[in-house]
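Structure, as structure tokens:
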Amino acid sequence: MYPIMRMVKELIKYRNAAPLPLTGTHVSSHRCWPSDIDLWMELNNGRTLTLFDLGRIPLASRIGLVPVLRQNKWSLTMAGASVRYRRRIRTFEKIEMRSRTAFWDERFVYIEQSMWKQNGECANHALYRAAVTDRNGIVSPARVMEALGSAETPPPAPEWILAWIEAETTRPWPPMQE
């Protein structure tokens, strides 16, 4: 089940937070609840992806994207993800989530997110490829920037993000059926 009440809490909590620049980092604290765990009594890998929403949506709000989406009747959709899981997050453990826009190109926005344990270890790290869409398909990031009133150009992309983008271009779509 989607954590609607947790999302409402995050949106209320950060409704008056200072605006962030487009590439600013939104930092939030969360706890792994019993409804988040798997059979091994740790944060479920699929739930991790859902919990990352708790960082992305407030980030979008703080950079001013949410009002622009509403005004233009646009949506924000995830078009791909790459995740690394490195440390277990156990039931009731508190984590810090960091969310930021890392880069954008002519079609997509790349959002980097991570969860950090109290001892300073990174538990997991995700790169999302997001698209702003309307009823006709993808809205270019340039058009989104214009709607935001920003003339900002994308920051230089880290090599690992460029490598992931390149690798994704070689991946067959639709996948082969055997």
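Bear in mind that the values in this text are calculations on the coordinates, not laboratory data. Quick caveat: nothing in here was measured; it's all calculated off a predicted structure. Quick reminder, even Gly has a Cβ in these numbers, built from the backbone with ideal geometry, and neighbours come from all protein chains shown.
Put simply, when 77-88, 159-170, 126-137 are sorted by average Cβ atoms within 10 angstrom per residue, most first, you get 126-137, 77-88, 159-170. Once you reduce the stretch 1-26 and the stretch 88-105 to the center of their Cα atoms, the two points are 13 Å from each other. Note that the stretch 18-32 has calculated 3J(HN,Hα) couplings of 4, x, 10, x, 3, 9, x, 9, 8, 10, 9, 10, 9, 10, 7 Hz, one per residue in order, obtained from phi through the Karplus relation 6.51 cos²θ - 1.76 cosθ + 1.60 (θ = phi - 60°); glycine and proline are x. Using a ≥ b ≥ c from the Cα gyration tensor of the stretch 4-170 (square roots of the eigenvalues), is it rounded, prolate or oblate, where a/c under 1.5 gives rounded and otherwise the larger of a/b and b/c decides, a/b for prolate? Here the stretch 4-170 falls in the prolate category. Name the helices (complete DSSP H segments) of the chain with a Cα length along the long axis of 24 Å or more and a Kyte-Doolittle mean of at least -1.0, or state none. Counting only whole DSSP H runs, the qualifying helices are 45-62. Less than 5 angstrom separates the built amide H of residue 81 from those of 129, all sequence-distant by 5 or more or on a different chain.
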